[in-house]
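Right, one structure below, let's go through it.
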Amino acid sequence: MHKITDNAINLFIDKLDKSGVGVSSIQKEEIYLIPYTLPGETVKAEIINEFKSKVYCSSLQILENSSERSKNTCEHFTKCGGCLLQHWKYKNYKQWKFNLIKQPLLKLTPDIKILDMISAENYSRRRAKFFLKQGNNSCKLGFKKYKSETLININNCIIIDTEIMRFLTELKNALNTNYLTDEVIVFHVNKLDYGLDILIQTNKSLKINELINIFKNFKSKIISIYYQQNNQNPELILFYNKNKLSFGKDNVYGLIPPAGFFQATKLAENELIKNILNEIQNKKEHVLDLYSGSGTFTLPLLKKGHKVYSIDNNNNSIQSLLKSSREQNLFNNFNYNISNLTKEKIEIHFFQNFDIVILDPPRAGAIIQVTSLGKSKVKKIIYISCNIQTFLRDSQILLSYGYKIKYILPIDQFLYTSHLEIFSVFEIFN
Ligand SMILES: C[S@@+](CC[C@H](N)C(=O)[O-])C[C@H]1O[C@@H](n2cnc3c(N)ncnc32)[C@H](O)[C@@H]1O
């Protein structure tokens, strides 16, 4: 618990905001935001910062506990900024998260079919980005504090896969005796089929031989290590095995570039692929996969015999998609384009070449595409989103062009946060 200062104030928490932070509206003109609190609690808080009508606080002491408060939190909770909601009994947290999408969707389209939310388990996150800061006889390795640049040592994260955690522990032990630099080093770790694919990013240069010597004797299952300085091309410095990631049940795989995107959990990846293949069964149907990445959806569709056109702005992802489609003899039905979908608006007549459009944009959504997509009247749109607000905004546009939502499947692959994966199917009947 924090030290109680003279500036401490007592606040009653009315509700949580959309990001999962406690809100107190004791004064009409201002709202107080206090993380790690629950509705109905009274807390002693300290003001950290004020911006416009928002007063950002930290909780010093819980004066009156909610009966929904859980003691089952990890040792880093409230220090590490990764999780905001471990302190809520799981069933209450789950209900709140489901309502984040259910309530606004019901307002948008009252007859909507929303399937039960599927939830990932602890220790299931396959991608992690963590930071290292070495100093005089000190070494911090882990994640950042909530809304801060302060690094928190992580010994046992309940979110990330245990193989990634084992690597983190091994790295920490090695760096206690091997000094690299005093600048912050970023590690991206992806867990793929054969083990861990690692990208190390720095601004100043590191001695590559020293790096290799550190990792050579690790017991963790490392498949490759890349080193990248100042956003130059990543350099492969250690290689043991291929960057293969199997998708779905049809014996098809992608090749994930260093720090490349793939779904955060296997559960979500499997559910998304399963639902897509279920919605696209006729092999004659021509599919456009927007924001395709390295082919999580494109490759299983090609394997099933569909013709797919994929677009992404990440050259490395598209190159890896090309390579994996060639390796597996899936290249004949495949077309692609590298294009910035935030800036380059796809024309209506281009959309009309397709029977089905898949959209899986980053958190900003796909606002410039959904208007012409809505006008195109493509018969089915599969929209996958990781941001409730931009999903609702873009859905409203599609609904305004006459589309109906067939169903929504919420997948909680970002545990103890407000982030939610949403699978949705839009149809239009002319
Ligand atoms: C949520 S990921 C989905 C990737 C893929 N569908 C998958 O499931 O693995 C979003 C993708 O959008 C791409 N992306 C981000 N900004 C983009 C932009 N402005 N134009 C095109 N693609 C973009 C990223 O490279 C990334 O591959």
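Every read-out reported here was derived from the displayed coordinates using simple, explicitly stated rules and does not represent laboratory data. This is a predicted model, so every value here is computed, not measured. Note that each Cβ is placed from the backbone with ideal geometry, even for glycine, and that neighbours are counted across all protein chains shown.
What percent do you get for the relative contact order of region 1-140 when only Cα pairs under 8 Å and 6+ apart count?
On the way: 202 pairs, mean separation 22.0, N = 140.
Averaging sequence separation for qualifying contacts and normalising by length gives 16 percent for region 1-140.
Just to verify a number: FRET efficiency for GLU50 and ASN122, C-beta to C-beta distance, R0 = 51 Å, to 0.05?
On the way: r = 36 Å, r/R0 = 0.71.
Using R0 = 51 Å, I get an efficiency of 0.90.
Under 1.5 on a/c is rounded, so check that first for region 231-348, then, if it is not, pick prolate when a/b is larger than b/c and oblate when it is not; a ≥ b ≥ c are the square roots of the alpha carbon gyration tensor eigenvalues. Spell out each step's value before the answer.
On the way: a/c = 1.67, a/b = 1.22, b/c = 1.38.
Oblate, since a/c reaches 1.5 and b/c is not below a/b.
Can you figure out the FRET efficiency of ASP17 with TYR90, using R₀ = 22 Å and their beta-carbon distance, to the nearest 0.05?
On the way: r = 20 Å, r/R0 = 0.92.
The value I calculate is 0.65.
Along the Cα-to-C-beta direction of ASN156, a point sits 7 Å from the Cα; which residues of region 63-103 have their amide N less than 13 Å from that point?
73-77
Which of the DSSP-defined H helices in the chain satisfy a minimum axial length of 27 Å, computed from C-alpha atoms, and a minimum mean Kyte-Doolittle hydropathy of -1.0?
Membrane-span-like by this rule: 90-108.
Computed FRET efficiency, Cβ-Cβ of GLU210 and ASN231, R0 25 Å: what is it to the nearest 0.05?
Values: r = 22 Å, r/R0 = 0.87.
Once the sixth-power term is evaluated, E becomes 0.70.
Which whole-number percentage describes the relative contact order of region 9-69, with Cα contacts under 8 Å and a sequence gap of 6 or more?
On the way: 144 pairs, mean separation 18.6, N = 61.
So the answer I get is 30 percent.
Net charge within 11 Å of ARG127 by Cβ-Cβ distance, Lys/Arg positive one each and Asp/Glu negative one each, not counting ARG127 itself? Intermediate results must be reported in sequence, preceding the final value.
Numbers: positive: ARG125, ARG126, LYS129, LYS191; negative: ASP161, ASP197.
Taking every other residue near ARG127 into account, the sum is +2.
Just check the chain against the gyration tensor rule for me: Cα atoms, a ≥ b ≥ c as the square roots of the eigenvalues, rounded for a/c under 1.5, and otherwise prolate or oblate depending on whether a/b exceeds b/c.
Judged from the Cα gyration tensor, the chain comes out oblate (a/c at least 1.5, b/c at or above a/b).
Are there trypsin sites (Lys or Arg not before Pro) in region 23-61 that DSSP puts in a loop and that have at most 13 other Cβ atoms within 10 Å, and which ones?
Numbers: sites: LYS28, LYS44, LYS52, LYS54; in loops: LYS28, LYS52.
Loop-located and lightly packed - LYS28, LYS52.
In whole Å, how far is the Cα centre of region 180-249 from that of region 302-321?
First find each Cα centre; the distance between them is then 25 Å.
Ignoring everything except DSSP H segments at least 4 long, calculate the 222 nm mean residue ellipticity for the chain; use -39,500 (n - 2.57) per segment, divide by total residues, nearest 500.
Details: 9 runs with 104 residues, N = 430.
Estimated from H runs of four or more residues: -7500 deg cm²/dmol.
Taking a threshold of 25 Å on the Cα-Cα distance, which of the pairs LYS145/LYS221; LYS307/LYS345; LYS44/LYS94; LYS18/LYS94; LYS323/LYS343; LYS191/LYS303 fall above it? Show your work: numbers first, answer last.
Working: LYS145/LYS221 28 Å; LYS307/LYS345 22 Å; LYS44/LYS94 27 Å; LYS18/LYS94 14 Å; LYS323/LYS343 27 Å; LYS191/LYS303 23 Å.
Result: LYS145/LYS221; LYS44/LYS94; LYS323/LYS343 exceed 25 Å.
Counting DSSP beta bridges in the chain, what percent are antiparallel, to the nearest 5?
Numbers: 61 of 94 bridges.
Taking every DSSP beta bridge with both residues in the chain, the antiparallel ones total about 65 percent.
Identify all aspartates and glutamates with a Cα-Cα distance to LYS204 below 14 Å; exclude those on the same chain that are fewer than 8 residues away in sequence.
Reachable aspartates and glutamates: ASP182, GLU183.
From the square roots a ≥ b ≥ c of the eigenvalues of the alpha-carbon gyration tensor of region 9-69, which class results: rounded (a/c under 1.5), prolate (a/b over b/c), or oblate?
Values: a/c = 1.74, a/b = 1.46, b/c = 1.19.
It comes out prolate by the Cα gyration axes.
Restricting to Cα pairs below 8 Å that are 6+ residues apart, what does the relative contact order work out to for the chain? Please round to a whole percent. Numbers along the way, then the final one.
On the way: 900 pairs, mean separation 50.8, N = 430.
The normalised contact order for the chain reaches 12 percent.
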